[in-house]
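Following: one structure in structure tokens, then a few remarks.
Coordinate-derived values only; no laboratory data. Treat the numbers as computed from the prediction; the structure is a model and nothing was measured. Cβ placement follows ideal geometry from the backbone for every residue including glycine, while neighbour counts extend to all protein chains displayed.
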Amino acid sequence: MDLGILVTIFDSALRLSIPLLAACLAGLWSERSGVVDIGLEGKMLVAAFAGAAGAYAFGSAWAGLLIGIIASVAIGLVHGFASISQRGNQIVSGVAINMLAAGLTAIVGNAWYGQGGRTPPLEGDQRFGSVLFGHSALVYVVLLAVPVTWFVLGHTRFGLRLRAVGENPAAVDTAGISVTRLRYTAVIIAGVLCGLAGAYLSVGQAAGFLPNMTAGRGFIALAALIFAKWRAWPALGACFLFGLLDASANQLQGLSLPGIGEVPVQAIQAMPYLMTVILLAGVIGKAIPPRASGVPYVKER
Amino acid sequence: MSAPLDLPRWADTVLVPAISVVAAFLVAGLVVLAIGENPLTATRWLLQGSLGTGEGLGFTLFYMTDFIFVGLAVAVAYHAGLFNIGGEGQATLAGLGIALVLNNLTFLPGFLLIPLGILGAAAFGALWAAIPGYLQAKRGSHIVITTIMFNWLASVLIVYLLVNVLREPQSMNPETRAFPDQSHIPFMHDVFAAFGIEIPASQLNLTLVLALAAAYFVWLLIYRSRLGYAIRVVGSNPSAAVYAGISPARIIIIAMVLSGALAGGLAVNELMGYQHRLLLEFTSGYGFVGIAVALMGRAHPVGIILASLLFGILYQGGAELAFEQPAITRDMVVVIGGIIILFAGALDGLFRRLVAHLFARQKLARA
């Protein structure tokens with residue numbers, strides 16, 4: 001392997017890890033505040049559709065991004081309403097959102113454009129072009145979200161309160177701070193980040209929306225979140241690792257390794273899931289979620 | 001928000017789910033309106049296509065069979081306080097079990113091969129659920145995350161096996177060769193024909209009887225057996241279970257094994273009853289429909305059968321509807337499923353409070 005191939009792999013690993021990273025950070029914000037979010041996939045999908053539809057309608061990638069974010073936040077608020085205000089089961093709500101997103105994007109896409117659920121192909125200003133080193137602005141926005149997340153969560157009063165709400169909401173409530181408001185804020189931030197992830201897929205990476213184009217990325221992001229133990233910089237590492245696996249799966253196809261023989265591409269695809277299961281089993285290290293995540297907060301009367 | 005939540009039993013088990021389902025259909029109707037179609041005509045096509053003809057009814061009952069199995073699978077785990085969203089993966093593995101048994105024991109007569117195939121499905125489904133169950137019970141890994149990961153592992157594994165190992169040598173399609181004839185579970189129309197009664201031909205096969213038997217078995221297990229009692233105790237209060245001498249870890253694993261075996265029924269109906277070979281993506285997302293079915297049916301076998309019938313109507317009627325009104329594709333059924341999960345599952349409290357509020361008012365009016 002010469003340097004050229006390595007650069008190619010690195011480059012496509014970065015490309016592939018961006019949507020994972022945005023969704024992973026979304027999950028991080030949400031779960032750090034105590035709201036479990038397995039609806040990352042659904043929010044991404046809705047944002048990908050709304051983003052492409054918006055970019056097509058207004059002829060601008062940025063308008064598409066904005067509309068994608070709005071759609072994703074709206075879905076996030078449904079999840080927030082169910083899990084924060086109504087104290088419903090957060091897993092059930094996440095499953096519902098994933099199903100809703102898969103169905104709605106396909107049916108609305110088909111009704112609007114009549115192309116089997118696809119949006120019309122985007123071209124020119126309707127897509128994010130490259131601004132630096134062949135990558136679009138979105139890539140840098142998402143990368144920038146890592147230090148911002150790290151700083152805000154770890155080094156500001158707001159971040160401290162938000163993390164506290166995910167660990168011990170009663171203590172935060174006792175201090176006179178609204179648990180509900182903090183959790184809604186986190187859910188909205190998660191919506192914005194999922195919006196970035198989705199819009200990146202349909203308006204940045206591809207040229208338009210395809211039915212079910214997220215193809216499980218929301219769940220890989222969830223795996224990366226566990227892998228990163230709910231922290232921002234490790235999230236970057238985990239997502240890049242999974243992106244790298246994805247990128248090398250294409251390069252390694254048909255390649256024979258000494259002693260192992262031909263590596264099936266599925267074995268590489270299975271790695272993120274397998275690694276997460278092994279990590280969760282506590283064989284290597286331990287992944288401990290925020291203590292109050294998944295638990296609705298009931299104010300004592 | 002502080003309305004009393006003690007509802008009469010019938011209101012809790014029948015009225016609240018009924019109201020949430022009606023609300024779900026109203027929202028679905030709005031979606032249909034939003035894409036410029038008439039929800040009333042759509043409903044008519046839906047019912048006509050699923051119940052209006054003998055053939056349609058057969059297909060409705062075929063889908064219902066699928067949903068009873070996955071619904072029961074979710075319900076059994078749910079009673080143990082576990083959320084098994086791995087039905088897809090468990091059914092996929094069950095399909096693998098079926099293919100391995102049927103295509104390797106082709107010399108056996110049907111009366112042996114069919115039960116063995118069903119056992120193979122149950123065993124492989126159970127195994128794929130037992131691992132997350134074990135990891136939850138012994139290592140504390142969250143069952144929701146592990147079952148999600150196991151769904152993806154199953155789909156990757158089955159692609160690998162069908163493309164590289166199990167594919168029929170001459171075939172371009174990633175699917176196994178056809179199962180031996182004697183292993184096919186008889187179609188209902190053939191069974192009836194044997195008694196001289198003619199019914200329209202459809203995919204409906206005898207697996208429906210197995211599904212109903214499984215529902216009865218689950219009822220016996222959960223509400224009439226020692227083990228079922230232990231499962232429910234662990235589900236409602238694990239620390240109380242420990243005081244009662246029940247090992248939650250053991251019960252968790254057993255509940256997941258049963259749940260995975262039940263999910264295997266989906267593969268029995270789809271593969272042994274209809275497709276007669278193992279192919280990719282035969283589960284078609286039905287594992288997730290099982291969640292809707294179990295939530296709507298309040299995790300009770302009778303409720304699950306009724307909810308499965310409703311989803312059978314939706315799936316079959318939805319296919320006919322997509323044919324008559326192409327703008328309303330079958331994705332509409334997925335949307336309805338999602339809304340039902342949201343309303344009957346996550347927003348359950350909202351509807352419960354609503355009903356409780358109405359009851360409290362009525363009481364006041366009478367007083």
- Which of the helices in chain A meet the span-like rule: DSSP H, Cα axial reach of 27 Å or more, Kyte-Doolittle mean at least -0.5? A:3-32, A:61-80, A:90-113, A:179-199, A:232-252
- Formal net charge of residues neighbouring B:M332 (Cβ-Cβ distance under 13 Å; K, R +1; D, E -1): -3
- Build a GNM of chain A with springs between Cα atoms under 10 Å: which of A:V46, A:V152, A:V73 gets the top mean-square fluctuation? A:V152
- Message: Where in chain B is the longest stretch that carries no chymotrypsin sites (Phe, Trp or Tyr not before Pro) classed as loop by DSSP and with at most 11 other Cβ atoms within 10 Å?
- Response: B:196-367
- Could you grab the Rg to Rh ratio for the stretch B:143-192? Cα atoms only, Kirkwood for Rh. 1.19
- Task: Quote the charge dipole size of the stretch B:38-326 about the Cα centre in Debye, to the nearest 20; the model charges only the Cβ of Lys and Arg (+1) and of Asp and Glu (-1).
- Result: 1200 debye
- Message: Return the Rg/Rh ratio of the stretch A:13-136 with Cα-based radii and a Kirkwood Rh.
- Response: 1.01
- Could you give the size of the charge dipole of the protein assembly as shown about its Cα centre, using +1 on the Cβ of each K and R and -1 on the Cβ of each D and E, expressed in debye and rounded to the nearest 20? 2580 debye
- Message: Based only on other Cβ atoms within 10 Å, what is the fewest-to-most ordering of A:L21, B:L82, A:L280?
- Response: A:L280, B:L82, A:L21
- Assuming R0 = 35 Å, what is the FRET efficiency of B:L51 and A:F10, from their Cβ-Cβ distance, to the nearest 0.05? 0.05
- Task: Using a 10 angstrom cutoff on alpha carbons, build the Gaussian network for chain A and name the most mobile of A:A224, A:A199, A:A175.
- Result: A:A175
- Once whole DSSP H runs in chain B are found, which of them have Cα atoms spread over 18 Å or more along the helix axis and a mean Kyte-Doolittle score of at least 1.6? B:16-34, B:143-160, B:207-224, B:248-267
- Message: Treating the protein assembly as shown as a set of equal point scatterers at the Cα positions, no solvent, please give the Debye-formula log₁₀ I(q)/I(0) at q = 0.09 Å⁻¹.
- Response: -0.79
- Task: First select every other residue whose beta carbon is under 9 angstrom from the beta carbon of A:A26; then total the charges, Lys and Arg +1, Asp and Glu -1.
- Result: 0
- Scan around B:N205 for amide H atoms under 5 Å from its own, H built in the peptide plane at 1.01 Å from N, and keep only partners 5 or more places away or cross-chain. B:M188
- Item | Rounded Å value of the spacing that divides the Cα centres of the stretch A:106-171 and the stretch B:43-88 | 36 Å
- Query: Between A:D37, A:D246, A:D173, which gets the highest mean-square fluctuation from a Gaussian network model of chain A, Cα cutoff 10 Å?
  - Reply: A:D173
- Note on the structure: The orientation-averaged projected area of the Cα convex hull of chain A, in nm², is 17.2 nm²
- Query: Around A:S130, with a cut-off of 14 angstrom between Cβ atoms, what is the net charge of the other residues, counting Lys and Arg +1 and Asp and Glu -1?
  - Reply: 0
- Item | Amide hydrogen neighbours beyond the local backbone of B:R277, cut-off 5 Å, H modeled | B:F179
- Counting other C-beta atoms within 10 Å, which of B:S155, A:S248, B:S259, B:S225 has the fewest, and how do the rest follow? B:S225, A:S248, B:S155, B:S259
- In deg cm²/dmol and to the nearest 500, what is the mean residue ellipticity at 222 nm of the protein assembly as shown if only DSSP H runs of at least 4 residues count, each as -39500 (n - 2.57), divided by the residue total? -22500 deg cm²/dmol
- Task: State log₁₀ I(q)/I(0) for the stretch B:221-367 at q = 0.09, 0.10, 0.19 Å⁻¹ as given by the Debye formula over alpha-carbon point scatterers of equal weight, solvent excluded.
- Result: -0.45, -0.54, -1.23
- Which order do B:K138, A:K299 fall in if you start with the one that has the fewest other Cβ atoms within 10 Å? A:K299, B:K138
- Item | Counting all C-alpha pairs of chain B, share separated by more than 30 Å (%) | 42 percent
- Checked against the positive end of the charge dipole of the protein assembly as shown (+1 on Cβ of Lys and Arg, -1 on Cβ of Asp and Glu, about the Cα centre), the farthest of B:F192, A:L65, B:L210 is A:L65
- Item | Rg/Rh (Cα only; Kirkwood hydrodynamic radius) as it applies to the stretch A:74-220 | 1.04
- Evaluate the Kirkwood expression for the hydrodynamic radius of the stretch B:115-217, namely the inverse of the mean inverse distance over all pairs of different C-alpha atoms, and round to one decimal in Å. 17.2 Å
- Under 5 Å from the placed amide H of A:H135, counting only residues 5+ away or on other chains, we find none
